[in-house]
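The values are calculated or read from the model by the stated rules, or taken from the named source; none is laboratory data. Note that the coordinates shown come from a computational prediction; the quantities given were computed from them, not determined experimentally. Don't worry about glycine lacking a Cβ; one is built from the backbone with ideal geometry, like all the others, and counts go over all protein chains shown. Note: areas computed on protein heavy atoms with side chains; ligands, DNA, RNA excluded. Shrake-Rupley method; radii C 1.70, N 1.55, O 1.52, S 1.80 Å.
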Amino acid sequence: MNITNEVRAEILNQALPYIQKYYNKIIVVKYGGNAMLNKELKEAVMSDIILLSLIGIKVVLVHGGGPEISDMLKKINHQSQFVDGLRVTDRTTMDVVEMVLGGKLNKGLVNLINQKGGRAIGLCGCDGKMIKASMLDEKYGYVGKIDSINTDIINDALNNGYIPVISTIGCDEQGNTYNINADTAASRIAGALKAESLISMTDIRGLLKDKNDPETLIPLVYVSDIRELINDGIIQGGMIPKVDCCVDAIRRGVKKAFIIDGRVPHSILIEVLSDEGVGTMFISR
C-alpha cells in the first residue's frame with residue numbers, strides 16, 4: 001500500500017499530543033492470547049513496545065503462557081487435573097510452569113525485543129521479591145494469590161532504559177513458588193507502579209453489547225457503571241475477571257485501563273497514539 005508524504009505527516013501529527021501525554025509515563029501491557037501464539041502478531045507487538053520505548057514511554061510487559069504450559073505437560077505425559085475450572089498446579093506442574101514461563105517463553109520474548117533493536121531484560125516475580133504470594137487454596141495446589149508487590153527491581157530496570165519482561169511466578173518467605181494469573185499480576189503491578197495505563201490484550205475486540213456481534217463494541221466504560229453491566233448480562237463469563245482486573249488497577253491508582261484485540265496488528269500503537277483506539281477503555285468517573 002502506497003502512502004503519500006502528506007498522509008505520513010498527518011499520522012505523525014496526530015500522534016504528537018499522545019506522545020507528549022505519555023512521555024516518561026509507565027504503561028503496563030498484559031500480553032497473551034493469539035498475539036502470543038501467532039509469529040507475525042508477536043513481532044508486531046514487540047515492534048510496538050520498542051517504538052513506545054524509543055519515544056520515551058516506559059513500557060512494562062507482563063506475560064502468561066497457558067497454552068505452552070499445557071503443551072509441555074502433554075510432552076512429558078503429565079495428566080492435568082481441574083477443580084472449579086482451574087488447573088491444579090501440583091509440584092510437577094509448577095516445575096513446568098517455572099521452566100516454560102520463567103525460562104523458554106520469557107527469554108524468547110527478551111531475545112526477540114533485543115533482536116529488533118530494543119533493550120529488554122527478563123524478570124520473574126521471584127526476582128527482587130517482586131511478587132510476594134501465598135497459596136490461594138490447597139485444593140488448587142501451587143496456584144498463588146498476591147500478597148504484595150515490590151516495584152524496586154522494575155523501576156531500576158525502567159530507569160536504566162530497559163523494557164522489563166515479567167513472567168508471573170510468585171514466591172513466599174519459605175521459598176515456595178506459585179503460578180499467578182497473568183491478568184491479576186499485571187493489574188497489581190500496574191497499580192503498584194501507579195502506571196498511566198494498563199493494556200490487556202485479548203482475542204476479542206473489547207467489551208461488546210452483544211458478545212456475538214463485534215460491531216457492538218463499547219469504547220468507554222465508567223467503573224461506576226460496571227455493576228449494572230454485569231446485572232444486564234453484558235459483562236459475563238470469562239470477561240468478568242478481566243474487567244475486575246481493570247477496575248482493581250484503577251482503584252489502585254492507574255489512570256486508564258484498556259481491553260484491546262491482540263489479533264489486530266499494531267493494536268497497542270493504535271490504542272495509545274491515535275484518536276480512534278481499538279478496544280474498550282475503563283476510567284473512573
By the Cα gyration tensor axes a ≥ b ≥ c (a/c under 1.5 gives rounded; else a/b larger than b/c gives prolate, otherwise oblate), the shape of the range 109-161 is oblate
Between E43 and D71, what FRET efficiency follows from the Cβ-Cβ distance if R0 is 30 Å, with the result rounded to 0.05? 0.90
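Out of the total accessible area of the chain (probe 1.4 Å, heavy atoms of protein only), what percent is carbon and sulfur?
Values: 6950 of 13870 Å².
Solvent-exposed carbon and sulfur of the chain make up 50 percent of the total.
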What order, most packed first, do the peptides 36-45, 163-172, 263-272, 118-127 have when packing is the mean number of other Cβ atoms within 10 Å of each residue? 163-172, 118-127, 263-272, 36-45
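Computed over the Cα atoms of the range 157-285, what is the ratio Rg over Rh, Rh following Kirkwood?
On the way: Rg = 15.5 Å, Rh = 15.6 Å.
That ratio is 0.99, to two decimals.
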Check: C-alpha center the range 83-113 vs C-alpha center the range 1-71, spacing in Å is 24
Given the range 43-134, what whole percent of its Cα pairs are spread farther than 19 Å? 51
Can you tell me the length gained on complete extension of the stretch R119 to H266, counting 0.36 nm per residue apart and subtracting the Cα distance? 51.0 nm
Can you list the HN-Hα couplings for the range 88-102, worked out from phi with the Karplus curve (6.51, -1.76, 1.60; θ = phi - 60°), rounded to whole Hz and with x for Gly and Pro? 6, 9, 7, 5, 4, 4, 5, 4, 5, 4, 5, 5, 7, 6, x
If you line up the long axis of helix 66-75 against the longest principal axis of the chain, both from Cα atoms, how many degrees apart are they, to the nearest 10? 40
Taking the Cα centre as origin and putting +1 on Lys and Arg beta-carbons and -1 on Asp and Glu beta-carbons, what dipole magnitude results for the range 1-138, to the nearest 20 debye? 400
Put a dot 7 Å past each Cα toward the Cβ at S134 and K107; how far apart are the dots in nm? 3.4
By how many nm would the segment from D84 to S148 lengthen if fully extended, with 0.36 nm per residue of separation less the alpha-carbon distance? 20.5 nm
Isolated Cys in the chain, by beta carbon distance under 4.7 Å: C124, C245, C246
Can you list the residues, at least 5 places off or on another chain, whose amide H is less than 5 Å from the amide H of L207, using H built in the peptide plane? I218, T280
Helix 106-115 sits at what angle to the longest principal axis of the chain, using alpha carbons and giving 0 to 90 degrees rounded to 10? 30
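Given the chain, what whole percent of its Cα pairs are spread farther than 29 Å?
That tail contains 32 percent of the Cα-Cα pairs.
Which of the residue pairs K104/K256; K30/K255; K116/K145; K107/K132 have a Cα-Cα distance greater than 27 Å in the structure shown?
Among K104/K256; K30/K255; K116/K145; K107/K132, the Cα-Cα distance tops 27 Å for K104/K256; K116/K145.
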Between T93, T202, T216, where does the largest GNM mean-square fluctuation fall for the chain, given springs only between Cα atoms within less than 10 Å? T216
Just want the answer: with Cβ charges of +1 for Lys and Arg and -1 for Asp and Glu, which residue in L273, G175, F258 is farthest toward the dipole's positive end in the chain? G175
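Using only the Cα atoms of the range 1-99, what semi-axes does the equivalent ellipsoid have when each is the square root of 5 times a gyration tensor eigenvalue? Give whole Å, largest first. Can you show the working numbers first?
Numbers: eigenvalues 320, 53, 21 Å².
That gives 40, 16, 10 Å for the three semi-axes.
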In a Gaussian network model over the chain where Cα atoms closer than 10 Å are linked, find which of V247, V97, V88 has the largest mean-square fluctuation. V88
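For the chain, what is the mean residue ellipticity at 222 nm derived from helices alone (per DSSP H run of n ≥ 4: -39500 (n - 2.57); sum divided by total residues; nearest 500 deg cm²/dmol)?
On the way: 11 runs with 113 residues, N = 285.
About -11500 deg cm²/dmol.
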At 1.4 Å probe radius, can you tell me the per residue accessible area of the chain in Å²? 49
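Only Cα pairs under 8 Å and at least 6 apart count here; give the relative contact order of the chain as a rounded whole percent. Mind dumping the intermediate values first?
Values: 553 pairs, mean separation 61.5, N = 285.
That works out to 22 percent.
Can you give the percent of C-alpha pairs in the range 141-195 whose distance is more than 12 Å? Show your work: numbers first, answer last.
On the way: 1009 of 1485 pairs.
Result for the distance tail: 68 percent.
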Please compute the modelled spin-label separation between A9 and S224, points set 7 Å along Cα→Cβ, answer in nm with one decimal. 4.4
Taking Cα atoms, how many degrees apart are the long axis of helix 182-193 and the longest axis of the chain, rounded to 10 and kept between 0 and 90? 70
